[in-house]
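The values are calculated or read from the model by the stated rules, or taken from the named source; none is laboratory data. What you are looking at is a predicted structure, and each value in this text was computed from that prediction instead of being measured. Virtual Cβ from ideal backbone geometry, glycine too; neighbours counted across all protein chains shown. Heads up: the accessible areas ignore ligands, DNA and RNA and are worked out on the full protein's heavy atoms, side chains in. Shrake-Rupley method; radii C 1.70, N 1.55, O 1.52, S 1.80 Å.
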Amino acid sequence: MLLTLTAFALCFLFTVIDQVCLSIACRHARNADLIISKSDELLNVRELKTWSMISDFARCDSNEKLRGLVTVHDALFKARIVTFLLFILAGLYSVTKW
């Protein structure tokens, strides 16, 4: 049970950090004249589209901050997937242990 809660907490923490990273990236992208609407920034269903747009812009632009934020997002995205899988496995383990 403790393992399941720990995996869930890590997944949640990575999600919150990724959302903060997205807000910072959107602010830097807007300052560099990229048009990003607030709904694209705040809606989770458009998060990957927004990151893709920022990533493409960062590759073409010489903004090192945006490139760094895109790199952080990639690492956080992979960490979120791993912790989510760990959460599922820990949940299955705790269910079968009973």
**Request:** For segment 14-33, state whether one or more residues are open to solvent by less than 80 Å² (accessible area, probe 1.4 Å), of a type in the set (D, E, K, R), out of contact with any strand residue (DSSP E or B) (no Cβ under 9 Å at 6 or more places or on another chain) and in contact (Cβ under 8 Å) with a residue 24 or more places away in the chain.
**Result:** yes
**Request:** Give the residue that is nearest to LEU3 (Cα to Cα), with candidates limited to residues of segment 38-90 that are part of a loop (DSSP other than H, G, I, E, B) and open to solvent by less than 50 Å² (accessible area, probe 1.4 Å).
**Result:** ASN63
**Prompt:** Within segment 1-34, restricting attention to residues that are outside any helix (DSSP H, G or I) and touching a helix residue (DSSP H, G or I) at 6+ places or on another chain (Cβ under 9 Å), which residue is nearest to ARG80 (Cα to Cα)?
**Reply:** MET1
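Just checking, how many residues over segment 35-68 are closer than 20 Å to LEU10 by Cα and either among the charged types (D, E, K, R) or touching a helix residue (DSSP H, G or I) at 6+ places or on another chain (Cβ under 6 Å) (or both)? Lay out the reasoning, then the answer.
Initial filter on segment 35-68 (closer than 20 Å to LEU10 by Cα): 44, 47.
Narrowing the set further to residues that are either among the charged types (D, E, K, R) or touching a helix residue (DSSP H, G or I) at 6+ places or on another chain (Cβ under 6 Å) (or both) leaves 47.
The qualifying residues number 1.
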**Request:** Taking LEU2 as the residue in question, decide whether it is open to solvent by 30 Å² or more (accessible area, probe 1.4 Å) and over 30 Å from THR96 (Cα atoms).
**Result:** no
